[in-house]
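Student: Quick one: structure below, then a few questions.
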Amino acid sequence: MLAYQSLKQELIQYSKEIGIDQIGFASADDFAELKSRLQEQQEAGYASGFEKGTIEERTEPNRLMPGAESIIAIALAYPTRLKNDVKSGKGNRRGMFCRASWGTDYHLVLQEKLSQLTNFLTERVPGFSSLSMVDTGELSDRAVAERAGIGFSAKNTFIISPQFGSYIYLGEMITNIPFTPDKPLAEGCGSCTKCLDACPTGALVEPGRLNAQQCLAFLTQTKGFLPDEHRDKLGNFIYGYETCQVVCPYNRGVDYHHHEQFEPDPDLVKPRLLDLLTISNREFKRKFGKMSGSWRGKKPIQRNAIIALAHYKEVAAVDQLIDLMQHDPRPVIRGTAAWALGKIGEPSGIAAIREAMETEQEQEVLAEMRKGLAYPQKVE
Ligand code: SF4
């Protein structure tokens, strides 16, 4: 056990050398409390559907790796401010990827760090075995990070690190080494309710409990029509949403630029909305493929770009929107474009909706056209 104590210290030292901002150690015991919470979430219909594995796999590390003794949690801080911001204005509107998808896809960066830790331990411990995951694995990154003392579990459901706020990426590694666990931190929200008050959809149904089906960050990643009641709330976000983080006092002034890979290219994280409407698959992949925000492909991004253009009532977008409404093979894009034309309200757009209604076959698209025509229209 003493040997593992010094190994733990060596590993902590090594983690600093390879640029891991925080590391913590947790037991590999079952996450009993999480299990009942996940069951409740599922029964209430609050799950996102993106979760991997059964509830048992997500809460019992030993099911994932027999012989599991500990879990190592890591955190990397990401930047929150653009160094060379780009202007967005009338005729040249820009959308916004949320901060968590700036720079190179964090899954890749954290997996690389975890591999380095794995190699470090493999060289020193005969019979070492481990299983690493970042976000898309069965384990809850947040539950592990909380248990390992990386931060406390906050009312906005994020892990808040005393130093980095909630602007951290999390990953973990189950190991067969019985490292001494670190202590969880005390809850730090106190009587604050800023995130719950600021959430525009009421997705934070109670402190620490999220209805993913109402969460705008989740909804930007869906591929169907965005529910009507949420379209006016997204603003210019085309991927993710982060008001519940932005308003948090723990995030005030937090802006760490520790990792070159996470440095955002302003032209990519705030792309011109009009350019997104006509981008080819190949070009989308070339430009955005390295960002985590591209994982669902270009359709949700284009749908959200159309909604953002409608939010701005961007007259300069009318011709392109008409073209999409008339010719795009994807009903979600045709319909959302029709709705946006109605919201923008330019007479040429309205006339185009009426004309397209005569030939449109899809009921869902026709419904969007009718919604578009229901907006007050400009008089020529
Ligand atoms: S905004 Fe307030 S309640 Fe919400 S996570 Fe931050 S400290 Fe906690």
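The values are calculated or read from the model by the stated rules, or taken from the named source; none is laboratory data. Nothing here was measured: the structure is a model prediction, and the numbers come from that model. In this analysis, Cβ positions are derived from the backbone assuming ideal geometry, glycine residues included, and neighbour counts consider all displayed protein chains. To get the accessible areas, we keep the full protein, side chains included, count just its heavy atoms, and leave off ligands, DNA and RNA. Shrake-Rupley method; radii C 1.70, N 1.55, O 1.52, S 1.80 Å.
Student: Given the residues 186, 198, 145, 154, which is the only one that is in the same structural domain as residue 248 (by TED's automatic domain parsing) and out of contact with any Lys or Arg (no Cβ under 9 Å at 6 or more places or on another chain)?
Tutor: 198
Student: Something else about it: Go through the stretch 161-176 and count every residue that is in contact with a Lys or Arg (Cβ under 9 Å, 6 or more places away or on another chain) and more than 10 Å from the ligand (Cβ to nearest atom). Don't jump to the end; show me each part of the working.
Tutor: Kept after step one, since they are in contact with a Lys or Arg (Cβ under 9 Å, 6 or more places away or on another chain), are these residues of the stretch 161-176: 165, 167, 170-171.
From what is left, the residues that are more than 10 Å from the ligand (Cβ to nearest atom) are 167, 170-171.
Number satisfying all stated conditions: 3.
Student: Another question, then. Search the stretch 176-195 for residues that are open to solvent by 50 Å² or more (accessible area, probe 1.4 Å) and pair each with any residue that is within 16 Å of the ligand (Cβ to nearest atom) when their beta-carbon atoms are under 6 Å apart and the residues are at least 6 apart or on different chains.
Tutor: Matching pairs, first to second residue: 184/146; 185/152; 187/152; 194/247.
Student: If residue 207 passes every condition in (1) open to solvent by less than 40 Å² (accessible area, probe 1.4 Å); (2) in contact with a helix residue (DSSP H, G or I) (Cβ under 8 Å, 6 or more places away or on another chain); (3) within 13 Å of the ligand (Cβ to nearest atom); (4) not acidic (Asp, Glu) but one, which one does it miss?
Tutor: Among (1) open to solvent by less than 40 Å² (accessible area, probe 1.4 Å); (2) in contact with a helix residue (DSSP H, G or I) (Cβ under 8 Å, 6 or more places away or on another chain); (3) within 13 Å of the ligand (Cβ to nearest atom); (4) not acidic (Asp, Glu), residue 207 violates only (1).
Student: Name every residue in the stretch 132-160 that is within 12 Å of the ligand (Cβ to nearest atom) and assigned to a strand (DSSP E or B), in order of residue number.
Tutor: Within the stretch 132-160, the first condition is being within 12 Å of the ligand (Cβ to nearest atom), and the residues that meet it are 151-160.
Listed by number, the residues that qualify are 152, 153, 159, 160.
Student: Filter the stretch 182-204 down to the residues that are within 18 Å of residue 251 (Cα to Cα) and either part of a loop (DSSP other than H, G, I, E, B) or away from the ligand (no atom under 13 Å from the Cβ) (or both) and list them by number.
Tutor: The answer is 185, 186, 187, 188, 189, 190, 191, 192, 193, 199.
Student: Quick one: how many residues across the stretch 356-378 are out of contact with any Pro (no Cβ under 7 Å at 6 or more places or on another chain), surrounded by 13 or more Cβ atoms within 10 Å (Cβ to Cβ) and outside any loop (DSSP other than H, G, I, E, B)?
Tutor: 10
Student: So, one more: Report, by residue number, each residue of the stretch 55-82 that is assigned to a loop (DSSP other than H, G, I, E, B), in contact (Cβ under 8 Å) with a residue 40 or more places away in the chain and over 21 Å from residue 160 (Cα atoms).
Tutor: Across the stretch 55-82, the qualifying residues are 65, 67, 68, 69, 82.
Student: Oh, and also: Test residue 53 against the criterion of being on the phi > 0 side of the Ramachandran plot and at pLDDT below 95, and give yes or no.
Tutor: yes
Student: Turning to a different aspect of this structure: What are the residue pairs meeting all of these: first residue in the stretch 352-364, first residue touching a residue at least 24 places away in the same chain (Cβ under 8 Å), second residue open to solvent by 80 Å² or more (accessible area, probe 1.4 Å), Cβ atoms under 7 Å, and 6 or more apart or on different chains?
Tutor: Pairs that qualify, where the first residue is touching a residue at least 24 places away in the same chain (Cβ under 8 Å) and the partner is open to solvent by 80 Å² or more (accessible area, probe 1.4 Å), are 356/326.
Student: Would you check which residues across the stretch 280-308 are surrounded by 15 or more Cβ atoms within 10 Å (Cβ to Cβ) and either among the small types (Gly, Ala, Ser) or within 16 Å of residue 92 (Cβ to Cβ) (or both) and list them?
Tutor: Result: 292, 293, 294, 305, 308.
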